[in-house]
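K.L.:
Here's a structure for you.
The values are calculated or read from the model by the stated rules, or taken from the named source; none is laboratory data. Bear in mind the structure is a predicted one, so any value in this text is a computation, not a measurement. Methodologically, a virtual Cβ is constructed for each residue, glycine included, from the backbone with ideal geometry; neighbour enumeration extends over all protein chains shown.
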Amino acid sequence: MLIMVMDGQGGGIGAEIIKGLRQQFVTGLEILALGTNSTATSRMMKAGANKGATGENAIIRTSQRVDIIMGPLAIIISNSMMGEVTPMMTEAVCSSDAKKILIPLTQENVQIIGIGVEPLPHLVDQAIKAIKED
């Protein structure tokens, strides 16, 4: 299974996702770290991704060839993360045939009704459980 983990800014959410995946799946996963900036990519690589790349073109190309895309909700909101997520990135992620598993954390002016407030580790556990159930 080929999983793309996308994050920006400091890459903390992406790093937590990758750590959780590595703990739960010893084999059978190839994890690609796609950062909107090099700091995010580097942090995700240190968390255990197999490969990493940075920037708009890498995200656009990679999102079209993976089985699952994971990251914070902001990866589908154009101009989020203080402008790091470009409209072309969100279009590529949203139009990808890959299953999207998103963590409902965002600093944007977006509120998702019906979702309780959970700490990041609990949300990551839920996201990984969704992959296991597939």
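K.L.:
Quick check on my filter: what residues within segment 1-41 are small (Gly, Ala, Ser), assigned to a helix (DSSP H, G or I) and over 14 Å from the mean Cα position of the chain (by Cα)?
P.N.:
Ser38
K.L.:
For Ile31, indicate whether it is within 25 Å of Glu108 (Cβ to Cβ), touching a helix residue (DSSP H, G or I) at 6+ places or on another chain (Cβ under 9 Å), touching a residue at least 24 places away in the same chain (Cβ under 8 Å) and not polar (S, T, N, Q).
P.N.:
It is false that Ile31 is within 25 Å of Glu108 (Cβ to Cβ), touching a helix residue (DSSP H, G or I) at 6+ places or on another chain (Cβ under 9 Å), touching a residue at least 24 places away in the same chain (Cβ under 8 Å) and not polar (S, T, N, Q).
K.L.:
Filter segment 84-134 down to the residues that are modelled with pLDDT under 95 and small (Gly, Ala, Ser) and list them by number. Please lay out each step first, then the result.
P.N.:
The initial filter retains those residues of segment 84-134 that are modelled with pLDDT under 95, namely 103-134.
Matches in segment 84-134: Gly114, Gly116, Ala127, Ala130.
K.L.:
Further question: Which one is surrounded by the fewest Cβ atoms within 10 Å (Cβ to Cβ), of the residues in segment 25-44 that are touching a strand residue (DSSP E or B) at 6+ places or on another chain (Cβ under 6 Å) and under 18 Å from Met89 (Cβ atoms)?
P.N.:
Here the residue is Ser38.
K.L.:
Being within 14 Å of the chain's Cα centre (by Cα) and under 17 Å from Met4 (Cβ atoms): is that true of Leu123 here?
P.N.:
Judged against the criteria, Leu123 is not a match.
K.L.:
Go over the candidates Ala98, Ala130 one by one and state the one that is under 18 Å from Met1 (Cα atoms) and out of contact with any helix residue (DSSP H, G or I) (no Cβ under 8 Å at 6 or more places or on another chain).
P.N.:
Only one candidate qualifies: Ala130.
K.L.:
Cβ-Cβ distance below 7 Å, separation of 6 or more or different chains: which pairs start in segment 37-50 with a residue that is under 21 Å from Phe25 (Cα atoms) and end on one that is among the basic types (Lys, Arg)?
P.N.:
That search, which allows pairs on different chains as well, returns Ala47/Lys19; Gly48/Lys19; Gly48/Arg22.
K.L.:
If only one of Glu84, Glu133 is out of contact with any Leu (no Cβ under 9 Å at 6 or more places or on another chain), at negative phi and in contact (Cβ under 8 Å) with a residue 12 or more places away in the chain, which one is it? Steps first, answer last, please.
P.N.:
Working: Glu133 fails: in contact (Cβ under 8 Å) with a residue 12 or more places away in the chain.
After ruling out the rest, the residue left standing is Glu84.
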